[in-house]
Amino acid sequence: MNTKQYLGQIRHADIRIDNLIKERENWRNLAECCGALPIEEKIKSTPKHDKLEVAVINILEVSDLLGEEVEKYITLKKRIINEIEYTAGQNHAYYELLYKRYVENKDFCVISREMNYGYQTVINMHGDALKNFEKNL
């Protein structure tokens with residue numbers, strides 16, 4: 001795993017959490033659909049009851065998994081922020097750039113505007129900051 005991939009773990013963890021939230025919402029929608037059938041239709045078709053049961057079980061399982069992923073995310077994010085801070089040392093520009101890029105997930109255009117540097121300067125600084133991160137960690 002290279003440095004960009006290592007730092008990019010925050011974004012990937014965030015995506016996993018978002019996907020789990022969407023999955024849980026899909027199961028909730030299915031459960032609501034299954035539970036909202038008219039009584040005479042519920043009596044006629046027991047498979048709908050099975051679908052509701054499966055949906056509820058999946059909601060609980062995804063919720064548990066989501067809780068675990070959020071805990072991992074928080075731990076990972078804290079660790080990487082501390083490592084960015086440690087490796088940047090007194091170079092506040094490196095810290096700010098790496099934080100904005102990997103913690104806040106901003107693209108280089110936004111970062112260059114926020115830091116009042118030219119785009120190419122930010123790109124070059126990013127390369128230097130990554131080298132510094134590798135060297136000091």
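The values are calculated or read from the model by the stated rules, or taken from the named source; none is laboratory data. Computed from a prediction, not measured in an experiment: that's the story for all the values here. Methodologically, a virtual Cβ is constructed for each residue, glycine included, from the backbone with ideal geometry; neighbour enumeration extends over all protein chains shown.
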Inside region 102-118, can you point out the residues that are under 23 Å from residue 9 (Cβ atoms) and among the basic types (Lys, Arg)?
106
Which ranges mark the helices (runs of 4 or more DSSP H) fully within region 51-137 that have 2 or more residues being without any contact (Cβ under 8 Å) to a residue 12 or more places away in the chain and not aromatic (Phe, Trp, Tyr)?
108-115, 119-136
Please work out if residue 97 is modelled with pLDDT of 95 or more, surrounded by 13 or more Cβ atoms within 10 Å (Cβ to Cβ) and touching a Ser or Thr at 6+ places or on another chain (Cβ under 8 Å).
no
May I ask you to verify whether residue 99 is of a type in the set (Phe, Trp, Tyr) and under 15 Å from residue 8 (Cα atoms)?
yes
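Residues checked against (1) exposed (fewer than 15 other Cβ atoms within 10 Å of the Cβ); (2) at pLDDT below 90; (3) within 30 Å of residue 127 (Cβ to Cβ):
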position	(1), (2), (3)
3	no, no, yes
7	no, no, yes
33	yes, yes, no
72	yes, no, yes
78	yes, no, yes
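Let me confirm something: among 55, 129, which residue is out of contact with any Asp or Glu (no Cβ under 7 Å at 6 or more places or on another chain) and closer than 14 Å to residue 4 by Cα?
On the way: 55 fails: closer than 14 Å to residue 4 by Cα.
Just one listed residue meets the conditions, 129.
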